[in-house]
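Quick notes on the structure that follows.
The values are calculated or read from the model by the stated rules, or taken from the named source; none is laboratory data. Because the structure is a prediction, the values reported are computed rather than measured. Cβ coordinates were reconstructed from backbone atoms using ideal geometry, including for glycine residues, and neighbour counts include every protein chain displayed. For accessibility, only protein heavy atoms count, side chains too; no ligands or nucleic acids. Shrake-Rupley method; radii C 1.70, N 1.55, O 1.52, S 1.80 Å.
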Amino acid sequence: FIPLWVKLGQMTIAQKIRAATLGSSAERALLMRESNRVVAEAAIRSPLIQEHEVIAASASRLVSEGVLRIIGMNKEWTRNHQIKYNLVCNPRTPFIISSKLVGHLRENELRSIAKSKNVKPAIAKLARQQLQRKSP
C-alpha cells in the first residue's frame, strides 16, 4: 500500500495534469494545492469537480491565488453563498475578486469580517463601509 500523496509525488507533470482532470476527488484536493500552477488550475477546471470540492478549495489557505481567481470568476460557483463568504475571508483571494463579493454578504458576516485579523485590511475596511451603508 502506497499513500496517495506519495504516488502523486512520483508522477511527472503530465501525469499530474491527467490525474487532476480525470482523477478522484482526493487526487484533485491534493493537486489543487500543488506548487505548479498548471497542475493546480487543471484540478479546479476538471469537468468532474463537484460543488463541495469547490467550497473546500475556496476556504483553504493552501490553495494558490490562481485557483481562487478561477473560482471567483466562475458565475455558477459564485452563486453559492458559502463560496462567496469563503473567498472574501481567504487572504489569498485577489483583492479585485473579494471586493466585488463583499457587497453580497449578510450583515452578521460583514461584522465578523470587519473585526477579523485574518482578512486583508482593505477587505475589513470595505466590510465596515458596507455596514455603514446598510445601517441607517
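Numbers below:
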{"quantity": "Stokes-Einstein diffusion coefficient of the stretch 57-136, Kirkwood radius over Cα pairs, 20 °C, 1.002 mPa s, in µm²/s", "calculated": "173 µm²/s"}
{"quantity": "Loop chymotrypsin sites (Phe, Trp or Tyr not before Pro), the stretch 1-107, which have at most 15 other Cβ atoms in a 10 Å radius of their Cβ (DSSP)", "calculated": "Phe1"}
{"quantity": "Semi-axis lengths (Å, descending) of the ellipsoid that matches the C-alpha gyration tensor of the stretch 23-64", "calculated": "14, 12, 8"}
{"quantity": "Carbon plus sulfur fraction of accessible area for the stretch 10-136, probe 1.4 Å, in percent", "calculated": "52 percent"}
{"quantity": "Chain lengthening between His104 and Ala14 when straightened (0.36 nm per residue, less Cα-Cα)", "calculated": "28.5 nm"}
{"quantity": "Per residue accessible area in Å² of the chain, where ligands, DNA and RNA are left out and the probe is 1.4 Å", "calculated": "59 Å²"}
{"quantity": "Local electrostatic count at Arg79 - Lys and Arg +1, Asp and Glu -1, tallied over other residues with Cβ under 15 Å", "calculated": "+1"}
{"quantity": "Neighbourhood charge, 11 Å Cβ-Cβ cut-off, centred on Pro91 and excluding it, Lys, Arg +1 and Asp, Glu -1", "calculated": "+3"}
{"quantity": "Sum of -39500 (n - 2.57) over DSSP H runs of 4+, divided by residues of the chain (222 nm, nearest 500)", "calculated": "-18500 deg cm²/dmol"}
{"quantity": "Calculated FRET efficiency for the pair Arg133/Asn36, C-beta based, R₀ 35 Å, to 0.05", "calculated": "0.25"}
{"quantity": "Cα extents of the chain along the three principal axes, largest first (Å)", "calculated": "60, 27, 25"}
